Amino acid sequence: MKPRAKSRGTVLPIVLLLSSMMLVTAGAWLESAIVVTRTAASLGERIQAFHGADSALIRGELRLQGFEKRVGLGQAILLE
């Protein structure tokens with residue numbers, strides 16, 4: 001029996017195994033990138049909402065103290 005005859009047919013399973021491992025790794029990297037992107041977008045929206053709420057609280061406090069006079073729609077003047 002020739003040495004090649006013993007190892008015949010083993011290359012295909014090895015190549016399929018390696019390619020499936022690469023596919024799984026690429027899928028994991030893709031999922032990781034999607035999660036990081038969603039987290040960054042969520043964090044940006046959260047920070048924007050926090051600053052909006054903080055600004056509204058400060059304006060409300062100034063208004064209650066009489067330092068701000070309402071002029072028109074969405075406009076205000078600080079009185080000092």
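If r is the Cβ-Cβ distance from SER7 to SER42 and R0 is 35 Å, what FRET efficiency results, to the nearest 0.05? It comes out at approximately 0.10. For PHE67, no residue whose modelled amide H falls within less than 5 Å of its own remains once neighbours fewer than 5 places apart on the same chain are excluded.
Cβ-Cβ distance of SER55 and ILE14, R₀ of 35 Å, FRET efficiency by 1/(1 + (r/R0)^6): the value works out to about 0.05.
Values in this text are rule-based calculations from the coordinates and carry no lab data. Just so it is clear, the model here is predicted, and its values are computed rather than measured. Note that each Cβ is placed from the backbone with ideal geometry, even for glycine, and that neighbours are counted across all protein chains shown.
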